[in-house]
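So the structure is just underneath, and the comments pick up after that.
The values are calculated or read from the model by the stated rules, or taken from the named source; none is laboratory data. These numbers come from a predicted model, not from an experiment. Cβ placement follows ideal geometry from the backbone for every residue including glycine, while neighbour counts extend to all protein chains displayed.
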Amino acid sequence: MSAAPSRVLLNIAGDRDGGKNRNDATAVRVWKDVYALIGKAHLALDDRRCQVERAIGMPIVIRGIRTPNSGLRGRVTPRAGYLLLEYQVAIAGYFWHVPIIEELLDRIERGEREIVLRQNPTRS
């Protein structure tokens, strides 16, 4: 799910008439639905992380980072006794990080240990 459908749902549920007769109960229900989806995505990622850890025999630490390098999507760096998987959190939107983490985990499982994912370069 992307950020746009969530915003649309919240606008429909919580601000149908410009806020005059706001239906807070509906807005809260929609927010709970959005957070439930986020929770499921994170549980699936955690299961996948555990699966890859078992396959490679090494722990993986996942963390979001903020960096001025706007082209960086994510990276994996070997550390003493574990792999550090980092993803850029400066990009707005729900679930945008999930495919980045999934791709990095897939590449780790295939044997790669030092990985840098960058945005596709724009062509002029």
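Quick check, is R63 among the basic types (K, R), surrounded by 14 or more Cβ atoms within 10 Å (Cβ to Cβ) and either out of contact with any Asp or Glu (no Cβ under 8 Å at 6 or more places or on another chain) or modelled with pLDDT of 90 or more (or both)? No, not satisfied. Only one entry of R75, R22, R49 meets the criterion of being modelled with pLDDT under 90 and out of contact with any Ser or Thr (no Cβ under 8 Å at 6 or more places or on another chain), and that entry is R22. Every listed requirement among (1) touching a helix residue (DSSP H, G or I) at 6+ places or on another chain (Cβ under 9 Å); (2) at pLDDT 90 or above; (3) β-branched (V, I, T) is met by I12 save one, (2).
With respect to (1) modelled with pLDDT of 85 or more; (2) touching a strand residue (DSSP E or B) at 6+ places or on another chain (Cβ under 9 Å); (3) not in a strand (DSSP E or B), the lone exception for S70 is condition (1). Number of residues in segment 66-88 that are buried (at least 17 other Cβ atoms within 10 Å of the Cβ) and either within 16 Å of R48 (Cα to Cα) or among the hydroxyl-bearing types (S, T, Y) (or both): the value is 5. Going by the structure shown, is E86 in a strand (DSSP E or B) and either at pLDDT 90 or above or in contact with a helix residue (DSSP H, G or I) (Cβ under 6 Å, 6 or more places away or on another chain) (or both)? Judged against the criteria, E86 is a match.
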